Each structure stands twice: as structure tokens, then as C-alpha cells.
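These notes are about the structure you will find just below.
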Amino acid sequence: MFRLPITHAFLRSLSPSSTASSSSLLRRIPLSGSNFTPFSLSRSASTWYYTRKGLRYSTELPETPPRSYRLFGGRPFSSSAKQGAQYGGNQYRRFNDPKREPLFLRLLQNAKPHHFIVIGLGISGFYIYNTDTVEVTGRRRFNCISAQRELDMGQQSYQEVLAEVRGRILSENHPLTMKVNRVLQRLIPQASIEGADWKVHVIQDDGMMNAFVLPGGKVFVYTGILPICRDQDGLAAVLGHEIAHVVAHHPAERMSNSFLTMGAALIVSLLFDISGHLPSLLLNLAFSLPNSRTQEAEADEIGLLMMSKACFNPEAAVGFWARMQEAEKGSPPQFMSTHPSSYNRMESIRGWLIKAEAAYEDSGCHAIGGFIPGFRQASHDYGW
Ligand SMILES: [Zn+2]
């Protein structure tokens, strides 16, 4: 359920192609072996551009004839101008007809100052109404997607991912699936996600160093990331981070931001009569990159606390990210492409370790013997 009907209407108004892309934005899996960046704004922006192309009317034509043509009235220099001459200049004349001007520009020209004030207040109200707080970190952010809608989209993505990895998922009784599940079961009590139905899927693909969790609690771990995890603590660092993205509703936030990006790019493009690429690129930079870093840092912090409360060694997170950076140096980007290392991740994690160790103590983890060595031994048996 959307918080405002306008959001619903906005989604409905998307073309079938853009709606499909919106749902596929939720996928956190490389398609056909290639790298796939989830919630990619550039992806949504290009979809929007495609939609706009369908609506375009005559933006490539100059508002006035080329200078040479206009001044001298003689032989045109360009083939396009020649084409315009062939049509008797009709294409130029229609720009002088106010009835043929785009509706948006006509509305803009006729708008009174108070219209802008009303529109501005409406947009601000919508933004403020749909602003919420991330529970653990207290960060305020724009999020117009409800938790239920996010779960629904997660479910849709789940079916798509299952179709993609069909035949490569290890059975529920496979030792690796059971081990990953054991780590997950210890983390779940720390992850409050309403309506979640947790399930582990280990995908047999030693060349893929990736893992992700969909809204709704479907966990996917590629066998290629297990050697990087090294042991249960390393795996808890990965799962903690991925679960934290879902706990903090980052998928919904990214989608909400992509709506803002699309809307703003559309307005900028209509106002300045330029291709959708430039404004969407600029807005992508403005919204996506800093936001992405913010979300990564937040997932690191929440995940670290989560794994500590579940009695996993929080220092393992530093080791995991160091190994991951090393492993991805010479190979095509996989996990790191969706988890940018453009901020000093390990420094930040070290900064949170004191807090994480306090959470570990508070949970009585020392009293129950701390880390469970049996799992570590068993994990060696399977080469990770
Ligand atoms: Zn992440």
C-alpha cells in the first residue's frame, strides 16, 4: 500500500516497459553471468528516456532555420535543412503555432506566480509526508514505498531470480546450505522484518563472489564467496550486511529516489528542451552515488551490530572486506560493484568496533563461550 494515492498513480502511469524495469531494479543478481547493479538509477533513467522517446514530437528540429539558410535564403548547407526545404518549411512554421507547442510549455507560459507556489508547496508536502527515519541510525530519508509494496516487489524479484539460477541451487540438505542456514538462523532474531519468510539458497557457482538478500527474507549466497568469508564469522559479516540493507528498507529508498530522479529529469528536460540523458546523468550523480555510499555505511553499521548481538566476532567484518577487495582486484567486478568501496569502509568498521563489542558483551556472548569453533572446523572441511 502506498502512502499517498499519487505514488500509486505514478507507478500506474509508467509504461509497461518502465514498470518492468522498476521491478527488475530489485534484483540483486548478475544476469547471464554479467554484472548486474541493483537499483541502478542509470538503468531507470534510460528506461525513462526510452519512454520519452516514444512521446517525443520534434525536439531535433531547430526552432528557427539554420543561420546560413535564414540569412541568405539560398542553398542549404546541410541535408536536414534541404529536407526542411523539401517539405516547404512546414516543419518550421508549426513551431510558430502556439497550439502545436508542447502542453508543458504552454502551461508554463500561462502560469501565474501563485501556481508555482501551490506546486512547490505540493511537492514539498509530498516529500515531507514521505520522509521517515531509519531505526538504528536515526537517519532521515525520503521513502514513498510502503513496506508491503517493498515485500511484494521482493516476491516478484524472487521468482525472477529463481528462474535465473534454476538448476544451480544446492539442496536444502546440502552441507553448505545447512551451514549458511545455521548462520542465518542466529542472525534472524536481530533482524526485525515484518512479514519476512526466511529461506537460504546456495547457488553453485565458484566463479561468482556474490550474495544478496531480497526484501521478504530470501537469501542467496554463491559458493564463490564462501572462501572469501573463510568461516562463520566472515559469512555472518556478509549476511549481516545484506540483511541490514533490507532491515533499513534500502531497496524502497533507492526506488523512491529513482522516482525523484525521473521526475526531476523529466522537468529539467521539458524546461530546457534537451535530451533526457544529460539531466538524468547529473541527477543520477546527485542522488545515487552519495546515497549509495550512505546506504553502504549504514548497512555496515547495522550489520556489524546485528552479527555482534548474534555472538559472531565483529572483527571478522574487517577481514572479510580486506579479502574481498584483494580477490576482486584482478577479476571482473561482482560484489564490489554493488557495494562500492569509494568510502573508507574498513576504517569506518574499525570505528564502530567498540560499539559492536559492547553489543556482543551485552548479549552475554562471552558467557555462552563466544564463537563456536565447531562450525569453523566444519567449514574447513568444505574448503571455506
Ligand atoms: Zn551493501
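Taking the condition of being part of a helix (DSSP H, G or I), of a type outside the set (Gly, Ala, Ser) and in contact with a Gly (Cβ under 6 Å, 6 or more places away or on another chain), how many residues in the stretch 205-227 meet it? Spell out how you get there, then give the answer.
Step one: of the stretch 205-227, the residues part of a helix (DSSP H, G or I) are 223-227.
Among the residues that remain, those that are also of a type outside the set (Gly, Ala, Ser) are: 223, 225-227.
Next cut, in contact with a Gly (Cβ under 6 Å, 6 or more places away or on another chain) only: none.
The total comes to 0.
Just to confirm my filter: which helices (runs of 4 or more DSSP H) fall fully inside the stretch 287-369 and include at least 1 residues that are more than 14 Å from the ligand (Cβ to nearest atom), farther than 30 Å from residue 264 by Cβ and modelled with pLDDT under 90? Even if it seems obvious, please write down each step before you answer.
Working: elements: 316-327, 335-338, 345-362.
Counting at least 1 such residues, we get 316-327, 345-362.
Suppose we keep only residues that are within 15 Å of residue 299 (Cβ to Cβ) and crowded, with 24+ Cβ neighbours inside 10 Å within the stretch 248-270. Which one would you say is nearest to the ligand (Cβ to nearest atom)? Break it down into steps so the answer makes sense when it comes.
Filtering the stretch 248-270 for residues within 15 Å of residue 299 (Cβ to Cβ) gives 248-254.
Next cut, crowded, with 24+ Cβ neighbours inside 10 Å only: 250-254.
Numbers: 250: 8, 251: 11, 252: 15, 253: 13, 254: 11 Å.
Among residues in the stretch 248-270 that are within 15 Å of residue 299 (Cβ to Cβ) and crowded, with 24+ Cβ neighbours inside 10 Å, the one nearest to the ligand (Cβ to nearest atom) is 250.
State whether the residues of the stretch 99-121 include one that is in contact with a Phe, Trp or Tyr (Cβ under 7 Å, 6 or more places away or on another chain), outside any loop (DSSP other than H, G, I, E, B) and at negative phi. Break it down into steps so the answer makes sense when it comes.
Applying the first criterion (in contact with a Phe, Trp or Tyr (Cβ under 7 Å, 6 or more places away or on another chain)) to the stretch 99-121 yields 102.
Narrowing the set further to residues that are outside any loop (DSSP other than H, G, I, E, B) leaves none.
Within the stretch 99-121 (the criterion being in contact with a Phe, Trp or Tyr (Cβ under 7 Å, 6 or more places away or on another chain), outside any loop (DSSP other than H, G, I, E, B) and at negative phi), the answer is no, since none of the residues qualifies.
The values are calculated or read from the model by the stated rules, or taken from the named source; none is laboratory data. A quick note: this is a predicted structure, and the numbers were derived from the prediction, not measured. No Cβ is skipped: glycine too gets one built from the backbone with ideal geometry, and neighbour counts run over all protein chains shown.
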